[in-house]
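Below is one structure, written out as structure tokens; comments come after it.
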Amino acid sequence: MPVAIAPTGKYVASQDLYKLLVTEIKSGERLPPLQDHELLWSAGFLPNGKYLLAGGSGKVSLWNVTNQQKVY
């Protein structure tokens with residue numbers, strides 16, 4: 001199960017099969033799940049903490065965490 005902490009210390013992300021669960025660390029507030037179509041094996045934040053990469057089954061997805069939009 002992948003778990004990633006943003007370099008900024010603002011968010012932590014964990015995997016739940018086909019979705020990523022992102023929580024704001026300070027408030028404990030969980031953002032809406034980032035739903036994908038692949039089983040996710042790994043995840044990591046980019047250095048600015050705004051974007052999250054997740055991958056599995058030979059595919060990589062890039063998410064904008066702040067607006068919960070899949071970029072690629």
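The values are calculated or read from the model by the stated rules, or taken from the named source; none is laboratory data. Predicted model only: the values in this text are computed from it and were never measured. Cβ sites come from the backbone with ideal geometry, for glycine too, and all protein chains shown count toward neighbours. Note: accessible area is taken over every heavy atom of the protein model, side chains too, but ligands, DNA and RNA are not part of it. Shrake-Rupley method; radii C 1.70, N 1.55, O 1.52, S 1.80 Å.
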_At 1.4 Å probe radius, can you tell me the per residue accessible area of the chain in Å²?_
60 Å²
*asked:* Quick check for me: using +1 on Lys/Arg Cβ and -1 on Asp/Glu Cβ, what's the dipole size of the chain about its Cα centre, in debye to the nearest 20?
replied: 140 debye
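How many times 2.2 N^0.38 Å is the alpha carbon radius of gyration of the chain?
On the way: Rg = 10.8 Å, N = 72, 2.2 N^0.38 = 11.2 Å.
With N residues counted in the chain, Rg over 2.2 N^0.38 Å equals 0.97.
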*Please report, as a whole percent, how much of the solvent-accessible surface of the range 8-71 comes from carbon and sulfur atoms (probe radius 1.4 Å).*
54 percent
*Grab the chain and count how many Lys pairs have their alpha-carbon atoms under 15 Å apart, sequence gap of 8 or more, or different chains.*
6
